[in-house]
Amino acid sequence: QVQLVESGGGSVQAGGSLRLSCAASGSTFSFNVMGWYRQAPGKQRELVATIISGGSTNYADSVKGRFTISRDNAENTVYLQMNSLKPGETAVYYCNARIVVGGRHYWGQGTQVTVSS
């Protein structure tokens, strides 16, 4: 059974930094696409960033230049370095993984990130 386990959430003041980690396990196949989404209260879940196994990345416009996604393919782990955090980025951040592009989405349980002004 596939499991995605996130860590690294917490509370930080505006302008601060946090680093999220997500370890994936339980799949016979490697996850080609891994990424992060977030969901703020009363809002829809939205893409933050994705990275494929070859290293290509994709970011939401709102986080470009401040967030960096990376991965360790050998460990099936994905990271999200978040700098210059803003109060509006308070949300539950979810790890996401897919074995193939367009394939089934696997989700972590989510980790809370709270940014205070």
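Quick notes on this structure:
- For the range 12-117, applying the loop criterion from DSSP together with a ceiling of 12 other beta carbons within 10 Å to the trypsin sites (Lys or Arg not before Pro) yields Lys43, Lys64, Arg104.
- Carbon + sulfur, % of accessible area of the range 1-63 - ligands and nucleic acids excluded, 1.4 Å: 45 percent
- Comparing mean-square fluctuations of Val100, Val78, Val48 from a GNM of the chain with C-alpha springs under 10 Å, the top value falls on Val100.
The values are calculated or read from the model by the stated rules, or taken from the named source; none is laboratory data. Remember, predicted model here, so these are calculated numbers, not experimental data. Positions of Cβ are backbone-derived with ideal geometry, glycine not excepted, and every protein chain shown enters the neighbour counts. Areas reflect the complete protein model, heavy atoms only, side chains present, ligands, DNA and RNA absent. Shrake-Rupley method; radii C 1.70, N 1.55, O 1.52, S 1.80 Å.
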